[in-house]
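For reference, the structure discussed in these notes is given below.
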Amino acid sequence: MPKPSRVAKDNGRRQRVLAVAQELERLFPDAKIALNYSNHWELLVAVVLSAQCTDKKVNEVTARLFKKYPTLADYLAADRTEFEEDIRQTGFFRNKAKNVLASAEMVRSKFDGRVPQKMEDLLSLPGVARKTANIVQGNAFGIVEGIAVDTHVRRLSLKLGLTEYDDPNKIEKELMQLLPREQWFKFTYRMIDYGRNICPARKHGCQDHPLTRLYPDAAQRWP
């Protein structure tokens, strides 16, 4: 029996992605970022701290952090060792502290004290990859150039057969080709809410989950 062509596979995957996006919209119409922040710089800091850490824990840490360091100038004057302790609970705190404080200096010196809007400028900041840049662009400036692929989006995209790739950048590129642009921004947060509230990473019986009913093979896939 001949294998399905690449075009046929892409068409099938596109239909699945669209069906998943439609069901996610029904389940989580008002999905949004869960991190707390009050300005563009705080958003950037919170997203950097969220790597390999739950948003809940980040919000606990930043509730204190943003009071202690209310302005960019406070980050510029921060003691590195003390700052590391301030964010220790988010994990990988030494590397995160290095990146946050180096980004503060770059924002001051290169971008006139303002978090940049352009993707290429955001990616020039220490510790900022496409996921972080997409989140900052979309939430701070209403600019949508891509799809933020976090751990939930990556895991569920593989589980639901929306992609064959494991690399977040390749997953993003494929999803961008399959989803209408106007759905890119909300798709991330709806996938995150689905992962948190319905289908967590640990193995469990998910055959009756809404998205598994669209793609039954997902019940046996645990990427």
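None of the figures in this text is laboratory data; all of them are computed from the coordinates on show. Since we're looking at a predicted model, the values are computed, not measured. Cβ placement follows ideal geometry from the backbone for every residue including glycine, while neighbour counts extend to all protein chains displayed.
Data table
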| quantity | calculated |
| --- | --- |
| If the convex hull is drawn through the Cα atoms of the chain, its volume per residue in Å³ | 125 |
| Which of Asp208, Asp167 has the fewest Cβ neighbours within 10 Å, and the rest in rising order | Asp208, Asp167 |
| Of Ala104, His40, Thr163, farthest towards positive along the dipole that unit charges on Lys, Arg, Asp, Glu beta carbons give the chain | Thr163 |
| Check: the range 40-141 dipole with +1 on Lys, Arg Cβ and -1 on Asp, Glu Cβ, in debye | 220 |
| Dipole magnitude of the chain about its Cα centre (Cβ charges: Lys, Arg +1; Asp, Glu -1), debye to nearest 20 | 660 |
| Gained length - Glu182 relative to Leu123, 0.36 nm times residue gap less alpha-carbon distance | 19.0 nm |
